[in-house]
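Engineer: Below are the structure tokens for one structure; questions will follow.
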Amino acid sequence: MCAGGMVALLTLSAAASPLSPIVIAICCALFCWGAAKQASSVQAGALDAAIQRLTRAAHGDLQSPVPAEVGRAEPALAGAMAKLFRQLHGSFEDVHRLAMYDPVTALPNRVSFQRSCERLLAEGHPQAVAALFFIDLDRFKAVNDTLGHETGDILLGMVADRIRAIATGYAAPTPESQPLIGRLAGDEFTMFFPALAETVEAERIGRAIQLALGEPFEVTDQEVRIGASIGIAIRPQHGEDLADLMRAADAAMYYAKAQGRGRAEYFTDSLAADIANRAQLESDLRQAVGKDQFALVFQPQVSARDGRIVGAEALLRWRHPDGLKLPAAFIQRAEETGLIVEIGDWVVESVAATIARWARLGIQQRMAVNISQRQIDHVLFFRRLRAAMHAAQAPASLLELEITETLAMNCSAEVIAAIGAIRTDGATVAIDDFGTGYSNLARLRELPVDRIKLDPCVIEKVATDHAARAIAQAVIALIHGLGCEAVAEGIETAAQAEVLRIIGCDVLQGYAIARPMDERSFLAWAQTTRVPLLSPAFGG
């Protein structure tokens, strides 16, 4: 018995199972118990059988019964072993459930869904029509923000139930073709049909999901409406493996959101081309940062009263190997990838150095710099800008920060304080694109603002349309009432400039004044005392 017990104990010690420490402890107890009782040959056999059974348990076998001889010789020990196995088995099932299933919806989580999906794809016929649905809830964040995360969790459970009902309604009769559902994270769900009779069936399923999730939910005695944006990828057209299908369905879902939400969209060749272009653009942007391919150009701003140059807006350009690119071609992608931070750092250093250079040359015109969404979300950007200005010994009085109307209405108190600190140094602040977003006038009055720029859409028809002229005049009066200067940008004709001068606009900017130019050209142009193109308009 002792030899057998020692062999079993050594075997247990070498086992890699997480059960090994528990079983080893039990074996030690058994040896002590056996020695204390001076076991008989029957008891010795039962002890050997118990140790062998524990060895199998250490390797993961918690289902087999306790050997009968253990029960006959020592029923109390047999009962304790059986109870231990049941408890361990239950605990491992709980751990597995927590590891593989989402506790809010009881659906498979990302890991579990992907494993099951990959298995079905591997086992299925290569040419079988399969469909992956990527489902992203619309307006779910608003539910969390207004009703709380507990209510949001209840809503997620109800969403899961409706998706289950759709899966059941469209399920194939064979067990191996049953659909899979998963919750990837947050408000993102997936559904995979491993075998469809025809591709068009995926469209019907997508429409059914739309209708089901578009219906109101009764949550804690409140009616909640959300909806969903759905991306659909088909195997084999859009990919053979799960990674390709997930990528395709995800891209289609984002396209559905971009088209107005509440839609189901297939992955298409144009989306594939867009993904490839975006990837290439990101790669090119990373090279541009490393190769110093960016440059600043300057568009003059002139006084509407006498045509004097009062400032210039610094505009970013990308000297791409294929030609000069405007910000509209790359800024959004830069913000999506986070590269806007590195580009913003370059702009900060360049602006500080340029302002310092202008100050040494005796240039008194201010330089306006646009602040992006990504930059305004981080107080550190403004601190870096302020530090760069101090380091370059650039007078802050020549710096103007331009913030879009929408961003100005939503920036945090910390950001406002950081902007205020730069303004205290002498910089000025302008609200850009005014007239295109929603303005809280009370908040606008509280912001540290010096100038407000009318969006081009506000001034586009001022020279030809009486109503447009009246609106522009009212907006200019509002700006003056807030104690700010009114700046009109996007001016394309001398007639627009003349009308804006008459109705009280303070500063003019646009192609009719001057196009953006490099620094050398701007400095030469700035030597003029009035705008040549518009000098007749200013002569009255």
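The values are calculated or read from the model by the stated rules, or taken from the named source; none is laboratory data. Keep in mind that what you see is a predicted model, and the values were worked out from it rather than measured. When we count neighbours, we look across all protein chains shown, and the Cβ atoms used for this are built from the backbone with ideal geometry, even at glycine. Please note that ligands, DNA and RNA were not included when accessible areas were found on the heavy atoms of the full protein model with its side chains. Shrake-Rupley method; radii C 1.70, N 1.55, O 1.52, S 1.80 Å.
Engineer: If the convex hull of the alpha-carbon atoms of the stretch 104-218 is projected onto planes in all directions, what is the mean projected area in square nanometres? All intermediate terms of the calculation are to be shown ahead of the outcome.
Structural biologist: On the way: hull surface 28.5 nm².
For the stretch 104-218, the mean projected area of the Cα convex hull comes to 7.1 nm².
Engineer: Here's a follow-up. Rounded to the nearest Å, what's the spacing between the alpha carbon centres of the stretch 162-182 and the stretch 282-300? Just the number, please.
Structural biologist: Here the two parts' Cα centres lie 50 Å apart.
Engineer: GluC sites (Glu not before Pro), restricted to the stretch 189-297: which are DSSP loop and have at most 16 other Cβ atoms within 10 Å? Walk me through the numbers before you get to the answer.
Structural biologist: Working: sites: Glu198, Glu201, Glu203, Glu218, Glu223, Glu240, Glu265, Glu282; in loops: Glu198, Glu240.
Qualifying residues, ordered by number: Glu198, Glu240.
Engineer: Continuing with the same structure: Please give, to one decimal in nm, the separation of the simple spin-label points placed at Glu223 and Arg360, each 7 Å out from Cα toward the Cβ.
Structural biologist: 6.9 nm
Engineer: Can you tell me the length gained on complete extension of the stretch Ala212 to Ser64, counting 0.36 nm per residue apart and subtracting the Cα distance?
Structural biologist: On the way: separation 148, 0.36 × 148 = 53.28 nm, distance 4.59 nm.
Difference between extended and current length: 48.7 nm.
Engineer: So what are the three principal axis dimensions of the stretch 290-445 from its Cα atoms, in whole Å, longest to shortest?
Structural biologist: On the principal axes, the stretch 290-445 reaches 47, 39, 32 Å in Cα extent.
Engineer: Keeping all protein chains in position, work out how much accessible area Arg247 exposes to a 1.4 Å probe, and write it in Å² to the nearest 10.
Structural biologist: So the heavy atoms of Arg247 present about 130 Å² to solvent.
Engineer: To continue, here is another question. With a 1.4 Å probe and every protein chain left in place, tell me how much accessible area Arg261 has, in Å² to the nearest 10.
Structural biologist: Using a 1.4 Å probe on the heavy atoms, I get roughly 110 Å².
Engineer: Right, something else. List the equivalent ellipsoid semi-axes of the stretch 429-499 in whole Å, largest first, each obtained as the square root of 5λ for an eigenvalue λ of the Cα gyration tensor.
Structural biologist: Working through the eigenvalues yields semi-axes of 22, 12, 10 Å.
Engineer: Need the C-alpha centroid separation for the stretch 478-504 versus the stretch 219-264, integer Å.
Structural biologist: What the calculation gives is 45 Å, centre to centre.
Engineer: Over the heavy atoms of Arg278, what accessible area does a 1.4 Å probe trace out, to the nearest 10 Å²?
Structural biologist: 90 Å²
Engineer: Simple spin-label model, 7 Å along Cα-to-Cβ: Arg164 to Gln237 in nm?
Structural biologist: 3.2 nm
Engineer: What is the ratio of the Cα radius of gyration of the stretch 128-183 to 2.2 N^0.38 Å, where N is its residue count, to two decimals? Don't skip to the end; give the middle numbers.
Structural biologist: On the way: Rg = 14.5 Å, N = 56, 2.2 N^0.38 = 10.2 Å.
So the stretch 128-183 has a normalised radius of gyration of 1.42.
Engineer: So for the pair Arg261, Ser412, with labels modelled 7 Å out along Cα→Cβ, what separation do we get in nm?
Structural biologist: Output for this residue pair reads 2.4 nm.
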